[in-house]
Amino acid sequence: MKIARIETFLAPPRWMFVRVETDEGVVGWGEPVVEGRAEPVRAAVEVLAEHLVGQDPLRIEDHWQVMTKGGFYRGGPVLSSAVAGLDQALWDIKGKTYGQPVHQLLGGPVRERIRAYAWVGGDEPSEVRDAVNAQVEAGFTAVKMNASGRMTPLATREEVRACLLRAETAREVLGDERDFALDFHGRVSPANARRLLPLLAEYAPLFVEEPVLSEHMHAVPDLVNASNIPIALGERLFTRREFLAPLQAGVAVVQPDISHAGGISELRRIAALAEMYGAHIAPHCPLGPVALAASLQVAFTTPNFLIQEQSIGIHYNKDAELLDCVADREPFRFVGGSLLRTERPGLGVDIDEAAVRAADTKGHSWRNPVWRYEDGSFAEW
């Protein structure tokens with residue numbers, strides 16, 4: 001069996017799919033994209049396809065090594081995301097070829113269900129109560145929200161209080177038996193993070209995510225020691241080597257994205273590295289159905305998995321939803337806030353190819369907002 005054709009499709013709201021077809025008719029799907037930078041990732045997929053077309057799709061590890069190391073210049077989010085989507089598609093082909101779900105090829109499942117959380121925004125404190133209530137009524141046992149909107153480098157008392165009010169409101173709605181996580185989204189300076197973490201402790205968040213930007217990794221040890229709240233990060237890290245420093249600093253949760261961090265092949269290695277440090281993984285996944293399906297395959301076979309992000313109802317999804325390009329929605333049916341294990345071959349997702357091709361005729365050019373402070377200078381979004 002040989003790889004015969006590789007195609008990419010831009011689909012609203014901000015996704016990109018890759019379709020890998022073999023000469024025996026087996027088709028694998030992946031999701032290679034950097035949010036806001038889909039076009040250069042698409043070009044990177046086309047370059048990598050020069051290596052893959054004509055090759056045996058089942059030699060996944062060899063292809064991963066060549067795609068990541070075969071060029072003199074390596075790494076970065078664009079290349080890593082292109083590799084990630086192609087890696088997902090190759091695992092999908094392998095599972096379909098052997099009639100097995102990918103989690104069986106990775107050693108077999110260690111759990112029967114995957115706990116997931118729902119997004120509730122949080123940029124505006126006034127929206128939190130209703131949004132959290134809606135997810136509780138939908139059956140979710142955990143939610144995540146932004147801890148703040150734009151925050152000045154040294155926060156005012158009003159900004160601090162607004163962050164605490166979000167946490168207080170979420171805890172009031174959820175009670176003690178459900179969880180919420182706070183995403184600092186890199187919007188918070190190290191000084192603000194050191195101030196906020198101790199103040200948030202009484203509300204017992206499941207974790208605080210990305211309390212500082214990845215380029216401020218030197219500040220992580222101090223933040224780990226600033227509070228008893230578990231620290232989570234990793235959506236902007238792309239290799240196991242990049243995860244070593246935060247794990248050594250004592251982060252409790254790592255959040256690699258299966259569409260950015262080298263795909264299934266690298267995500268499971270990151271999880272194994274985290275296990276050595278007593279940390280858990282909560283894969284980042286605010287994207288489409290293939291990325292979620294691939295994340296679940298790793299989660300089912302990973303002992304130190306914690307919780308799964310998913311994008312149904314997320315505030316980024318405008319004019320499209322997670323399941324619009326899925327022919328059979330049953331694998332994505334939530335039961336008590338969890339997704340159940342299935343034995344469907346490959347990634348376990350049945351893509352509606354006609355819907356994907358139709359979406360590609362519309363395409364997208366999604367870009368994240370650019371925020372500024374009142375004085376006109378750049379602010380982290």
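Derivation of every value follows stated rules applied to the coordinates shown; laboratory data play no part. Just so we're clear, the structure is a prediction, and the values are computed from it rather than from any experiment. Cβ coordinates were reconstructed from backbone atoms using ideal geometry, including for glycine residues, and neighbour counts include every protein chain displayed.
The value for the range 204-312 of Rg(Cα) / (2.2 N^0.38 Å) is 0.98. Convex hull of alpha carbon positions in the range 223-283: directionally averaged projected area 3.6 nm².
When you restrict to C-alpha pairs under 8 Å that are six or more residues apart and normalise by the size of the chain, the relative contact order lands at 22 percent.
When the inverse distances between all different Cα atoms of the range 257-381 are averaged and flipped, the Kirkwood radius reads 16.6 angstrom.
Of the chymotrypsin sites (Phe, Trp or Tyr not before Pro) found in the range 1-61, none is in coil by DSSP with at most 16 other Cβ atoms within 10 Å of its Cβ.
Ellipticity at 222 nm from helices only: DSSP H runs of n ≥ 4 in the chain, each -39500 (n - 2.57), divided by the residue count, give -11500 deg cm²/dmol. Springs between alpha-carbon pairs under 10 angstrom, Gaussian network model over the chain: which of Asn146, Asn304, Asn225 fluctuates most? So, out of Asn146, Asn304, Asn225, the one fluctuating most is Asn225. Within the chain, which is the longest segment containing none of the GluC sites (Glu not before Pro) that sit in a DSSP loop and have at most 13 other Cβ atoms within 10 Å? Of all site-free stretches, the longest is 178-342.
Within the range 168-250, the proportion of Cα pairs with more than 20 Å between them is 32 percent.
Counted over the range 73-134 with a bin width of 10 Å, the fraction of Cα pairs per bin, in whole percents, is 16, 22, 26, 26, 9, 0. Largest first, the extents of the alpha carbon coordinates of the chain on the three principal axes equal 63, 46, 43 Å. Expressed in units of 2.2 N^0.38 Å, where N is the residue count, the Cα radius of gyration of the range 126-169 is 1.33. The range 1-55 has equivalent-ellipsoid semi-axes of 22, 12, 6 Å, by the square roots of 5 times the alpha carbon gyration tensor eigenvalues, sorted largest first. Look at where the Cα atoms of the range 259-324 and of the range 1-32 average out, and the two centres are 19 Å apart. With a Cα cut-off of under 27 Å and a minimum spacing of 8 residues unless on different chains, the lysine pairs in the chain number 6. Annotation: amide H of Gly313 within the under-5 Å range of Leu322, sequence separation 5 or more or interchain, hydrogens built in the peptide plane. Here is the list for the range 74-152: trypsin sites (Lys or Arg not before Pro) lying in DSSP coil, each with at most 15 other C-beta atoms within 10 angstrom of its C-beta, are Arg74, Arg111, Arg150.
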